[in-house]
1. For K33, which aspartates and glutamates qualify as cross-link partners when the Cα separation must be under 13 Å and same-chain residues fewer than eight apart are set aside?
2. Name the residues whose placed amide hydrogens come within less than 5 Å of the amide hydrogen of C160, ignoring near sequence neighbours (fewer than 5 apart) on the same chain.
3. P(r) tail for the chain, what percent of Cα pairs lie past 26 Å?
4. Calculate what fraction, in whole %, of the accessible area of the chain sits on carbon and sulfur atoms when a 1.4 Å probe is rolled over the protein chains.
5. Please state the relative contact order of the chain as a whole percent: Cα pairs under 8 Å, 6+ residues apart?
6. Sequence-distant or interchain residues sharing an amide H contact under 5 Å with T111, placed H: which?
7. Give the lysines whose C-alpha is closer than 22 Å to that of K180, dropping any in the same chain fewer than 8 places away, or say none.
8. Identify all lysines with a Cα-Cα distance to K163 below 17 Å; exclude those on the same chain that are fewer than 8 residues away in sequence.
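The values are calculated or read from the model by the stated rules, or taken from the named source; none is laboratory data. Computed from a predicted structure; not experimentally measured. Areas reflect the complete protein model, heavy atoms only, side chains present, ligands, DNA and RNA absent. Shrake-Rupley method; radii C 1.70, N 1.55, O 1.52, S 1.80 Å.
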Amino acid sequence: MKRILLLILLLLLCGCSKELSCSEGVLEDGKCKIVEEVEAKLACKTGYTYDSAKDKCTNTLTIDAKQVSICPNGYEIGNDVWCYSEKVYDKETVKSCVSDKIKKDDKLSSTYEKDNTCYEKICTEKSEDGKSCITFQENKIEYKEEVTCPKGTISVKGECRKKQWMNKKLSCEIGEMVDKKCIITDEVDREYTCPSDYKLNEKTKKCEKIRYVEAE
């Protein structure tokens, strides 16, 4: 009985567990990892054409040139027609001789200034045909003051600015303009490509397909 137990012990110690090995590939986590390699191909991505002279992939896009607005120096865009000066001018107080009694269609009455004084001259009696005035009544009246923009400027949102016509022209933000079109050319390097069931190894630049089989 002791001999049988000793024999079993010897068998357990010297060779019951067989070391795994791979006839192909490398052993990894108890299985054989097999890496198949093929050469990667250099190709242009979709939409690009290879230019052998430049060794680049090129793609040309044509779009309409845009109309841009141009203002003179010192002016900024105001609306679709005018450019307004960046400088703001001070408003002026203007005195005018205006009578509240004279109607706009009354051509026989008027106002005038004399010795820095404002007068109204109102027709009190007209001729029979109404084309001339026989008698007038003259009264001294107060000047009316108005705060307004100086001559050569206009009011823009409450500020006095000069205005200039806006110039417009066609322009391309990117690319080259040819016959009112913007020609945009993009150039990139070719990319490595692999068959659909392969992946690119970035270090070796080769296409790899990995499969696992049972170790022996």
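1. Filter leaves E24, E208, E214, E216.
2. Under 5 Å from the amide H of C160 lie the amide H atoms of Y89, each far enough along the sequence or on another chain.
3. Working: 17498 of 23220 pairs.
Result: 75 percent of Cα pairs exceed 26 Å.
4. Working: 8460 of 17380 Å².
Roughly 49 percent, rounded to a whole number.
5. Values: 368 pairs, mean separation 67.8, N = 216.
Relative CO of the chain lands at 31 percent.
6. For T111, the qualifying residues are K121.
7. Within the straight-line cut-off, K180 pairs with K66, K168, K169.
8. Result set, ordered by chain and number: K87, K91, K151.
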